[in-house]
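In what follows, a single structure is set out as structure tokens and then discussed.
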Amino acid sequence: DWDRVLSYSRRIKTFSDVDYREGCPVPDMSVLESMTRSLPAGALLPHVRHLFCSSSSPLLSLLPSLIGARVSSIMIELTSCSWRFSAVQKLALPCLTSVTIVSDGGEEGQAVVTKLISDFVRCESLLRKIDVDRLNFSTLRHSSNLKHLEHLDTEVITGDLFCSREDMSVEQPFPALLTLSLRTPYPPLLAKVVEITTFPLLKQMWLYASNLSLTFDPTALLSSIGARSSSHHLTSLIIALGCNLSVLNWGEHQFRTLSALALKPLLALSNLSQMELYYPGLCPLDDAFVESMARAWPGIQKLHIECQYDITATTSPTMQSLVSLSQHCPLLVYLRLNVDATKIPSARLPAQRRALHRKFSSWEVRLAPIESAHKIATFLSAIFPRLQMVCYSSPSRKEWDEVNRLISAFAEIRADERYLIVQNGLPKDAD
């Protein structure tokens, strides 16, 4: 009964062929083939908007006949049968705005898979979202021309480096981009892409580079980010250099020292709510620069500075840096910062300032020297009354365990005090 079949199939907006894997029964392909031959191309599922397909699916070869031309988003899984991907390339997708492609590695080499993905992306001109495992450089350059592209998440592993702005065929590359997540084994590429691109609307920039050489200087990258990214829009920044190295092995390499002066351009990004920096070299900071960060990023919620820590440094941030963060960053929730915990300020914040920090709950430290667990716990509870625990990797294990025990005890005492305050008719959020 074709009328009943078509009446139902025309209501389908999302189609997936992946349910036929992992032991699920395979449909009778002869029946499907007969159906597709009896109807015009795309007549069976003419109104599908969202398509999910796998290169290992038995349905893949029939997709060009099954699916209509109204697909706006497609998610493709490339398996070891990626040679069958040509069936997807035959689809007519004039309305496609979102493409997601993941690859399990399979038997094909990276170059083969990269070319398959890149060739597919280059054929689409209306894309708003590109989330693919990898692209070649020429396709990355092509994507910079897409006027509506808002989200780009990919790894670039092959091709020639961008040389200059003249390599881009438009005056303003990536004019509508809101989110950029770029991974590459070539750290200089990150600096070059940021240098020649203004990103006028960018809100999130996540940059990851492996294969970091001992001579690579990240100063140019940081300077370009501060100078080129609009300070009025960028709210989330992640820079991970040498991300293929384990933190435990950072001390085995002698990477260039990243000075506070190199980080200074990032202070221009006044609307940051998330800032994460991973660098396997030394990054000597002090209390003055942490205060500068706190003043520059008043809306920061997550601050994560992960660098090689020199336990003998005389200019490491002290507990005073936490006072600066508590004073200038009322929205701070999570902090990852190495400090010298042997120097504890005597000053305490007034109650009206402490009441602002109801959300701050987690602080992580690594190799931080410690002197008095009781003094530290008392100090932390005073400036961050909602702090739940300190996560650490430090030789001073017993001392930090004691800090966490005391913080928990102080929290219980404050909870009892708040209960008594409420019983007496005072505001229950008093600390």
Report, by residue number, each residue of region 159-201 that is closer than 16 Å to K147 by Cβ, aliphatic (A, V, I, L, M), at pLDDT 85 or above and out of contact with any Phe, Trp or Tyr (no Cβ under 8 Å at 6 or more places or on another chain). A176, L178, L201
Hey, which of the strands (runs of 3 or more DSSP E) in region 49-152, taking only ones fully inside, have at least 1 residues that are within 22 Å of L32 (Cα to Cα)? 50-54, 73-78
Return yes when S394 is crowded, with 17+ Cβ neighbours inside 10 Å, modelled with pLDDT under 80 and closer than 21 Å to F360 by Cβ and no when it is not. yes
For region 117-136, indicate whether the set of residues that are farther than 26 Å from Q204 by Cβ and at pLDDT 85 or above is non-empty. yes
Only one of G42, G68 that is at pLDDT 85 or above and more than 27 Å from L178 (Cβ to Cβ): G68
Residue in region 245-266 that is modelled with the highest pLDDT, counting only those that are in contact with an Asp or Glu (Cβ under 8 Å, 6 or more places away or on another chain) and among the hydrophobic types (A, V, I, L, M, F, W, C): A260
Among the residues of region 366-378, count how many are surrounded by fewer than 21 Cβ atoms within 10 Å (Cβ to Cβ) and touching a helix residue (DSSP H, G or I) at 6+ places or on another chain (Cβ under 9 Å). 6
Which residue, of S72, S80, S103, is closer than 15 Å to S57 by Cα, hydroxyl-bearing (S, T, Y) and surrounded by fewer than 19 Cβ atoms within 10 Å (Cβ to Cβ)? S80
Out of the strands (runs of 3 or more DSSP E) lying entirely within region 267-386, which hold 1 or more residues that are acidic (D, E) and modelled with pLDDT of 85 or more? 274-282, 302-308, 362-366
Does F216 meet the test of being farther than 27 Å from P280 by Cα and at pLDDT 85 or above? no
Selection over region 64-101 where residues are under 18 Å from K129 (Cα atoms) and of a type in the set (S, T, Y) yields a count of 5
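The values are calculated or read from the model by the stated rules, or taken from the named source; none is laboratory data. The structure displayed is predicted, hence computed values, not measured ones. With ideal geometry, Cβ positions are generated from the backbone for all residues, glycine too; neighbour counts draw on all protein chains shown.
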